[in-house]
Amino acid sequence: MFVGHIYGMSKLLQTPIEFLKTVGPQRAEFLQKELSLHTYGDLMRYYPFRYVDRSKIYLVKDIEPHTQFIQLKGVITGFRTIGEKQSKRLVARFKDSSGEVELVWFKGIDWVLKNLKVNTEYLVFGKPTLFLNDYNIPHPEVDPVAMEPDKVSAVGLQPVYPTTEKARKRFFDSKGISRLTKQLIGQVRESDLPEFLPAAMLQQYRLCSRAFALVNIHFPKNEKALHEATRRLKFEELFLIQLQLLKVKANRGEAARGALLERIDGKFDAFYKNNLPFQLTGAQKRVLKEIRNDTLSGRQMNRLLQGDVGSGKTIVAVLTMLMALDNGYQACLMAPTEILANQHFDSVTEVLRGLHIEVALLTGNVKGKQRKYVLDGLANGSIQIVIGTHALIEDTVVFNNIGMVVIDEQHRFGVAQRARLWTKNDIAPHILVMTATPIPRTLAMTVYGDLDVSVIDELPPGRKPIHTAHRTDAHRSAVFGFLKQEIDKGRQVYMVYPLIEESEALDLKHLMDGYESISRAFPKPTYQISMVHGRMRPADKDYEMQRFLQKETQIMIATTVIEVGVNVPNASVMVIENAERFGLSQLHQLRGRVGRGADQSYCILMTGTKLSAESKQRISVMCSTNDGFVIAEEDLKLRGPGDLEGTQQSGTVNLRLADLAADVHILEEARKCALRLMQEDSKLMKPENQALLHYLKEGRQGTEWGRIS
Ligand code: ADP
Ligand code: MG
C-alpha cells in the first residue's frame, strides 16, 4: 500500500491509516472496510456533513420549537428512573439561571448515574424535543465545565461526521472520527497540502488555498473560514470533473473520426418536400441545423436531444436518419421497450411511404425466418433503416455500414450499452440520444458534460395545456362520471396503476382489482376496456395496444409499461392511481401520454387521504406546472441527484461536497474555468499548470480523479 514519494503530494498523506495514534492494524482494517479510509489522505478528505456551534452558550428559556442543537450551562438537580425494562429511562432535572429542562437517557443509564453528579456545573449539548408540552434533551453530551477548554469540542464550530451503525459500535461515532482528524491535522504542515490550482485561478475566483481549505473544513476558525473552505473544495471538486469531461470530449473529437454526411439531396430532400406531415417548429429546425453541422464536421457526433414529451422528437430522428441514407450509410433507431419499438416502426414506415426505403423491425420477438431476413439485410446493406430494442446491440447483429444511431428515451440504456454500439463499425457512427426526461442544466453539465446538448423548447402549435387535478377516493364516483362524459365525446382514457418491483404479484393483484371495479363501473357493451401489463406476452400487449389505437376500446388499464413514448392522440384523460407512489419525473412522463391531439386533455392524480409531506409536494408541483424542466428541477431538489433516473450508472454524481441542486453557481464558475483552461492549454504544458497536471496524474493511482473516469 505504501507508495513512496510522488511528485506534488506529500508522503505524509499516503501513510496508511494504521500509523495514526490509537488506530493500529486491527482498527485500520475496520476503517478501511467500513468507511473506506485507507490513508491519511482519505481521512483528510473525509469531510463533516454539518457543524454545530459550540462557541455559544444559551439559556433554557431560549429553547423554541424549531431549535436544532443547543448548548446550555447549569447544574443537575436530581435524577429519577421511570418505566420498566424496554421503556426504562433515566431523567435528570437540569437547571440554569433562566429555567429547567429534562435530560433523558434510554441507554447507558448505569454509566450516567456513575459519572454525573448532582449540583456540579456542566455544559450540556443536544437537540431539544417537545414531549407532552415540555422540552427534554434526549442523550445529551454532558461535559464538566472545568475540563472543557482542552477538548476538541470546546472551540466554536464542531464537525459532525457521517458514520455507520457498525462504526459507532467500535467508537467511531462522529466524536471518535473527529478525534482522528484532529490528531491528523495536528501533524500536517502546509507543505503536506500543496496547492495545485494555478495562482491566477485562485485569484480570479477568490479561492482560498488548499491547505487552508482542508484544515478549515474540519475545524473552521469561524463561519467565514468555513464558508471559504467549503467553497474552495466544492469548486475544486466540480472543476476537476468538468476538466475530465472536457478532456474526454476533446480526445474523442480527435480520435473518433465521423462519417462526413455531405449530401442531403436525395431521400432527405424528397421527404422534406413531399412527405413532411406538418410544418416543423422553429425548435425542430434549429436542432436539425445543429445535427447537420455535427455531421459535416468530419468528427463523430455525440449529441443529447432533450425535448419534453410531445415536443416532436420523432420527426427529428427520421430526418436525421435520412441524412445518413443519402450518403450511403445505414441508420438505426433504438427504443427501450417492445411497445415503443413497434410504434416507432409503424409510424416511421408510414411517414416514409413512397420513398422506397427498406425499413425493418428487430426486437426479441422477431424470430426464425424473419429474424434471419433482417440480420442478412443488415449485413449486406439491403435494409437501410432498422428500428428495434436492445436486440440491436447483440453480437449477432452486424451492419454493412452503420452511419447513424438514434437512441430514444436513453435513460433506459446504460452508458455501457451505448458504448457497445460504438464498436459496431470501423468508423464510429454518429450518435443522437433523445430523452423526454428533462435533465436539469446542472446535472446535464455533470453527467453528460461530454455530450453536446440540443433542446426542443417549443411544443407543436395548437396544443392546449393539460389540466391536472388531485382527487381522493372520496371523489371516485365524480371522477368516473367525468370519464364517461369524455368517452361520450369520443375521447379515450388511460388508467395507470403503480408497479413496484419488489412485489410484482401484489401489483398485478392491484391491477386486476382495478380492472374488475372499472369493468363494473363501465359495463360492456357501451364501454370496451383494454389492459396491458409487464407480465403479458409481447404479442398480446401489442394486440391490446392496437385495439386501443384503433379506438375499438375506450379505456386502457395499464401499468407503467405505457409510460414511455406511446402515442395515441385521441386519448385525452390520464388517471393515475396511487399517484403518491410515483416519482415526479414518472408522473410527468405518464401525463405526457395525453395532450397529444388538439383536444383539451386532463390528468387526474388519485391518492389516499394521508400523504407524506414529500408526496404532497410532488402532487402540488404536478398540479401547478406542465413544464418538464421545472419539474426536473423540483425532482432534483426533492430527491437529490443520486436518485434521478439515468444518473445511477454514471458514477459522476457521487460528489463529496458539492450539491448539484444548491451549488449551481459554483458549478457554472467551475465549468467556465475548465473550458478556458482547455482552450488555453489543453495539454497542460504551461509552467503555471504543472502542479495541476501532476495532481491529475497522481490521481489515477487512487484519488478522486481516478475514480470518476
Ligand atoms: P416526443 O418528443 O414525445 O417523442 P412525438 O415525436 O411523438 O413527441 O410527437 C408528438 C406528436 O406531435 C406526434 O403526434 C407528432 O406527429 C406531432 N408533431 C410533431 N412535430 C409536430 C409539428 N411540428 N407540428 C405539428 N405536430 C407535430
Ligand atoms: Mg418519443
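Put simply, of 556, 545 the only residue that is in contact (Cβ under 8 Å) with a residue 12 or more places away in the chain and touching a strand residue (DSSP E or B) at 6+ places or on another chain (Cβ under 6 Å) is 556. Quick one: in the stretch 250-263, of everything that is farther than 24 Å from residue 326 by Cα and out of contact with any strand residue (DSSP E or B) (no Cβ under 8 Å at 6 or more places or on another chain), which residue is modelled with the highest pLDDT? Among those that are farther than 24 Å from residue 326 by Cα and out of contact with any strand residue (DSSP E or B) (no Cβ under 8 Å at 6 or more places or on another chain), it is 250.
I'm checking my understanding of the structure. Among residues of the stretch 303-318 that are polar (S, T, N, Q) and either open to solvent by less than 10 Å² (accessible area, probe 1.4 Å) or out of contact with any helix residue (DSSP H, G or I) (no Cβ under 9 Å at 6 or more places or on another chain) (or both), which one is farthest from ligand 2 (Cβ to nearest atom)? Here the residue is 306. Just one residue in the set 343, 300 is within 10 Å of ligand 2 (Cβ to nearest atom) and open to solvent by 10 Å² or more (accessible area, probe 1.4 Å); that residue is 343. The number of residues in the stretch 550-570 that are over 19 Å from residue 336 (Cβ atoms) and open to solvent by 50 Å² or more (accessible area, probe 1.4 Å) comes to 4.
The number of residues in the stretch 572-601 that are outside any loop (DSSP other than H, G, I, E, B), of a type outside the set (S, T, N, Q) and under 27 Å from the mean Cα position of the chain (by Cα) comes to 11. For the stretch 374-388, the criterion of being within 16 Å of ligand 2 (Cβ to nearest atom) and either surrounded by 16 or more Cβ atoms within 10 Å (Cβ to Cβ) or farther than 23 Å from residue 313 by Cα (or both) is met by at least one residue.
Scanning the stretch 35-46 for residues that are open to solvent by 10 Å² or more (accessible area, probe 1.4 Å), out of contact with any strand residue (DSSP E or B) (no Cβ under 8 Å at 6 or more places or on another chain) and assigned to a loop (DSSP other than H, G, I, E, B) gives 36, 45, 46.
In summary, residue 291 fulfils each of the numbered conditions (1) within 16 Å of ligand 2 (Cβ to nearest atom); (2) open to solvent by less than 40 Å² (accessible area, probe 1.4 Å); (3) within 23 Å of residue 629 (Cβ to Cβ) with the single exception of condition (1).
I'd like to know if the stretch 272-283 contains one or more residues that are among the aliphatic types (A, V, I, L, M), open to solvent by less than 30 Å² (accessible area, probe 1.4 Å) and away from ligand 1 (no atom under 11 Å from the Cβ). Looking through the stretch 272-283, none of the residues is among the aliphatic types (A, V, I, L, M), open to solvent by less than 30 Å² (accessible area, probe 1.4 Å) and away from ligand 1 (no atom under 11 Å from the Cβ).
Taking the stretch 27-81 as the search range and keeping residues that are aliphatic (A, V, I, L, M), farther than 30 Å from residue 96 by Cα and within 30 Å of the chain's Cα centre (by Cα), which one is modelled with the lowest pLDDT? Only one residue tops the list, namely 35. The residues of the stretch 346-384 that are within 16 Å of ligand 1 (Cβ to nearest atom) and either closer than 16 Å to residue 405 by Cβ or part of a loop (DSSP other than H, G, I, E, B) (or both), listed by number, are 348, 352, 353. Scanning the stretch 589-619 for residues that are hydroxyl-bearing (Ser, Thr, Tyr), open to solvent by 20 Å² or more (accessible area, probe 1.4 Å) and touching a residue at least 40 places away in the same chain (Cβ under 8 Å) yields a total of 2.
Scanning the stretch 293-340 for residues that are more than 13 Å from ligand 1 (Cβ to nearest atom), basic (Lys, Arg) and touching a residue at least 60 places away in the same chain (Cβ under 8 Å) turns up just one, 303. Among the residues of the stretch 66-97, those that are open to solvent by 60 Å² or more (accessible area, probe 1.4 Å) and within 23 Å of residue 53 (Cβ to Cβ) comprise 66, 68, 69, 73, 95, 97. Looking at 121, 141, 148, 100, just one residue is open to solvent by less than 80 Å² (accessible area, probe 1.4 Å) and modelled with pLDDT of 80 or more, and that residue is 141. Scanning the stretch 118-136 for residues that are on the phi < 0 side of the Ramachandran plot and without any contact (Cβ under 8 Å) to a residue 40 or more places away in the chain returns 129, 131, 134. Counting the residues of the stretch 534-587 that are touching a Leu at 6+ places or on another chain (Cβ under 7 Å) and charged (D, E, K, R) gives 3. The set of residues in the stretch 664-686 that are farther than 18 Å from residue 234 by Cβ and open to solvent by 100 Å² or more (accessible area, probe 1.4 Å) comprises 676, 679, 680, 683, 685.
Listed here are the residues, each with its yes/no results for (1) under 30 Å from residue 216 (Cβ atoms); (2) assigned to a strand (DSSP E or B).
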{"site": "104", "(1), (2)": "no, yes"}
{"site": "107", "(1), (2)": "no, no"}
{"site": "123", "(1), (2)": "yes, yes"}
{"site": "136", "(1), (2)": "no, yes"}
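The values are calculated or read from the model by the stated rules, or taken from the named source; none is laboratory data. What you are looking at is a predicted structure, and each value in this text was computed from that prediction instead of being measured. A quick note on method: Cβ atoms are made from the backbone with ideal geometry, for glycine too, and the neighbour counts reach across all protein chains shown. Please note that ligands, DNA and RNA were not included when accessible areas were found on the heavy atoms of the full protein model with its side chains. Shrake-Rupley method; radii C 1.70, N 1.55, O 1.52, S 1.80 Å.
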